[in-house]
Amino acid sequence: MSLTPIGEPRHKITTASLREQKLSHEPISCLTAYDYATARLVDDASVEMILVGDSLAQTMLGYENTLSVTVDEMLHHVKAVRRGTKNALLLADMPYGSYQVDANDALRNATRFVKEGGAEVVKIEGGEKRADLIRRIIDAEIPVAGHIGLTPQSVNVMGGYKVQGKDLSGIEQLMRDAVALDRAGVACLYLEGIPREVAAMITAEVSAPTIGIGAGPECDGQVLVFHDIMNLTFGPPAKFVRRYGDAAALITNAVQAFRADVKSLRYPSDEESYHLPRETKAGLDTVLARKRAMGR
Ligand code: KIV
């Protein structure tokens, strides 16, 4: 097992190198990013995959759920992340409504994510019922990531954000979904909100790398939402979220300190101000002194 040390220069991650990582049991890391600066930081930290998730509907745009975000809104973020990403594999979520209506429409939208956004893989939610569509998109030379289990775009059908695959029929369905998408040729398979035992079975069964979120440690890789790990979500975290930083506290402290400095005239200081060139200042002083002497 060869782990890439953090900060070391590394190779461009591709769908092929992800498969090699699965085969060599080198865990795959994935984080969401929605803007240029975050993408640069995540990419510089050698995270292998950056996902412009439709979770940006909530984290960046303040929508109630992921259902409202549009292709154009997603593309705006994908383009920014593209500019900040060098080595990581760049994936973009196809938002709700962009692939469910008809296959031609789906193909057109997937093409936009590649052509306009610079995404290398598009992600589609849903199991075996998406297999034909996924084949069609792959036929158009666009790698596809599958996403099964708790699929947030199905929130109204699921009746909430509920862990999936908790009974035998649910497990059978998930296995069928995973195998169907694997056969369709997905580049990787996101497993969200399922028992670790089921994720382990799927991971052993399929040739595509599995990337888990709330799916236990046996997946080939793990993904978390950047805003979750940085405490930027304004709510209690889900069970699987681990907080690695407190950006909310950092930002709040900085903003309060700025405000206090403005109110107390401690900001800006003389060093933080621009100054006239010496000769201009001397000339100005002379003019002002003359005006004062003339009583103006
Ligand atoms: O939108 C998203 O961030 C996702 C991940 C949670 C997998 O789909």
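The values are calculated or read from the model by the stated rules, or taken from the named source; none is laboratory data. All figures in this text were calculated on a predicted structure; none of them were measured in a lab. FYI the Cβ positions are ideal-geometry reconstructions off the backbone, even for glycines, and counts take in every protein chain you see.
So, Ala92, is that one under 21 Å from Ala140 (Cβ atoms) and away from the ligand (no atom under 12 Å from the Cβ) or not?
no
Of all residues being under 15 Å from Glu125 (Cα atoms) and of a type in the set (Gly, Ala, Ser) in the range 61-101, which is nearest to the chain's Cα centre (by Cα)? Just the residue, please.
The extreme case among them is Ala92.
Can you spot a residue in the range 236-256 that is over 26 Å from the mean Cα position of the chain (by Cα) and loosely packed, with under 13 Cβ neighbours inside 10 Å?
yes
If you go through the range 155-162 one residue at a time, do you hit one that is buried (at least 20 other Cβ atoms within 10 Å of the Cβ) and either at negative phi or not assigned by TED's automatic domain parsing to the domain that holds Tyr96 (or both)?
no
If I filter the range 175-205 down to residues being more than 16 Å from the ligand (Cβ to nearest atom) and over 22 Å from Ile138 (Cα atoms), which single residue comes out as surrounded by the fewest Cβ atoms within 10 Å (Cβ to Cβ)?
So the residue we want is Ala204.
Of the residues Val78, Val42, Val52, Val71, which single one is within 16 Å of the ligand (Cβ to nearest atom), over 30 Å from Pro217 (Cβ atoms) and surrounded by 16 or more Cβ atoms within 10 Å (Cβ to Cβ)?
Of the residues listed, the single one that is within 16 Å of the ligand (Cβ to nearest atom), over 30 Å from Pro217 (Cβ atoms) and surrounded by 16 or more Cβ atoms within 10 Å (Cβ to Cβ) is Val71.
Going through the range 223-248 one residue at a time, which ones are within 12 Å of the ligand (Cβ to nearest atom) and free of Cβ contacts under 8 Å to residues at least 24 places away in the same chain?
Asp228, Val241
I'd like to check which strands (runs of 3 or more DSSP E) are fully inside the range 154-259 and have at least 1 residues that are farther than 26 Å from Ala37 by Cα, touching a strand residue (DSSP E or B) at 6+ places or on another chain (Cβ under 9 Å) and modelled with pLDDT of 95 or more.
Per the criteria, 188-192, 210-213.
Under 7 Å by Cβ, and 6 or more places apart or on different chains, what pairs join a residue from the range 109-120 that is outside the structural domain of Ile50 (by TED's automatic domain parsing) with one that is part of a loop (DSSP other than H, G, I, E, B) and buried (at least 19 other Cβ atoms within 10 Å of the Cβ)?
Listed by first residue and then by second, the contacts come to nothing, as the list is empty.
I need the full set of residues from the range 84-104 which are in a helix (DSSP H, G or I) and among the polar types (S, T, N, Q), in order please.
Selection gives Asn104 alone.
Somewhere in the range 13-35, is a residue of a type in the set (Val, Ile, Thr), over 19 Å from Pro143 (Cβ atoms) and assigned to a helix (DSSP H, G or I)?
Checking the range 13-35: not a single residue is of a type in the set (Val, Ile, Thr), over 19 Å from Pro143 (Cβ atoms) and assigned to a helix (DSSP H, G or I).
Out of Leu23, Leu31, which single residue is under 14 Å from Pro209 (Cβ atoms) and of a type outside the set (D, E, K, R)?
Details: Leu31 fails: under 14 Å from Pro209 (Cβ atoms).
Going through Leu23, Leu31 in turn, just one is under 14 Å from Pro209 (Cβ atoms) and of a type outside the set (D, E, K, R): Leu23.
Filter the range 139-153 down to the residues that are surrounded by fewer than 17 Cβ atoms within 10 Å (Cβ to Cβ) and either part of a strand (DSSP E or B) or at negative phi (or both) and list them by number.
Within the range 139-153, Asp139, Ala140 meet the criteria.
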